Amino acid sequence: MVMTIGCDQVTKHIATDRLSGNPGLSFLADTLRLEYAENTGAFLSLGENLPDNIRTPLLVGGCGLMLVGLVVFAVRFRVIGGVLVSISLIVAGGMSNLIDRIAHGRVIDFLNLGVGDFRTGIFNVADIAIVAGVILFAWASRRGLAQVE
């Protein structure tokens, strides 16, 4: 978890220093774009138009409660194996984005994938950890690997 949070925070710092105020960069025949974006909303900027006095407590409080709930679940049921790894990825990614939201009121995004006009939203390393954790959780649960001690 420390490595995931550290990697996310370092890459966001680099993105801020190198990409903020500059044109985006394109790699691999425009399959990968690096472009600076500040996300005041949640996933895919949901809720970004809410007033600050509603959006901030909702996103900080909601995310915080969800992360605490995942940790309590993992400890309470002594989760092991793939499910523990998946929960760790989700918590690490969520925690890193929560750190940004508390410290800066926004989350820095800088990665974009796609081919032609078919593109993802702009995201960051924490988002990759969260999505990987959700996919691993679904896979482990479906395969009967959702073991508790």
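Quick rundown of the values:
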item: Among (1) small (Gly, Ala, Ser); (2) at pLDDT 95 or above; (3) part of a helix (DSSP H, G or I); (4) surrounded by 13 or more Cβ atoms within 10 Å (Cβ to Cβ) - the single one GLY69 does not satisfy; result: (4)
item: Filtered residues of segment 28-44 (kept if closer than 16 Å to ALA126 by Cβ and hydroxyl-bearing (Ser, Thr, Tyr)); result: TYR36, THR40
item: Residues of segment 99-149 that turn out to be exposed (fewer than 15 other Cβ atoms within 10 Å of the Cβ), at pLDDT 95 or above and among the aromatic types (Phe, Trp, Tyr), as a count; result: 1
item: Residues of segment 10-42 classified as in contact (Cβ under 8 Å) with a residue 40 or more places away in the chain, in a helix (DSSP H, G or I) and over 16 Å from GLY105 (Cβ atoms), total; result: 3
item: Boolean, ARG55 is among the charged types (D, E, K, R) and within 30 Å of ARG142 (Cα to Cα); result: no
item: Residue satisfying all of: in segment 6-22; polar (S, T, N, Q) and under 15 Å from the mean Cα position of the chain (by Cα); farthest from ASP100 (Cα to Cα) among these; result: THR11
item: In segment 43-68, the residues that are in contact (Cβ under 8 Å) with a residue 40 or more places away in the chain and of a type in the set (A, V, I, L, M); result: LEU44, LEU59, VAL60
item: Residues satisfying the stated conditions in segment 1-36, i.e. of a type in the set (Gly, Ala, Ser) and surrounded by 12 or more Cβ atoms within 10 Å (Cβ to Cβ); result: GLY6, ALA15, SER20, GLY24, SER26
item: Some residue of segment 81-88 being at pLDDT 90 or above, buried (at least 17 other Cβ atoms within 10 Å of the Cβ) and under 11 Å from the mean Cα position of the chain (by Cα); result: no
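The values are calculated or read from the model by the stated rules, or taken from the named source; none is laboratory data. These figures come from a predicted structure and were not determined experimentally. Virtual Cβ from ideal backbone geometry, glycine too; neighbours counted across all protein chains shown.
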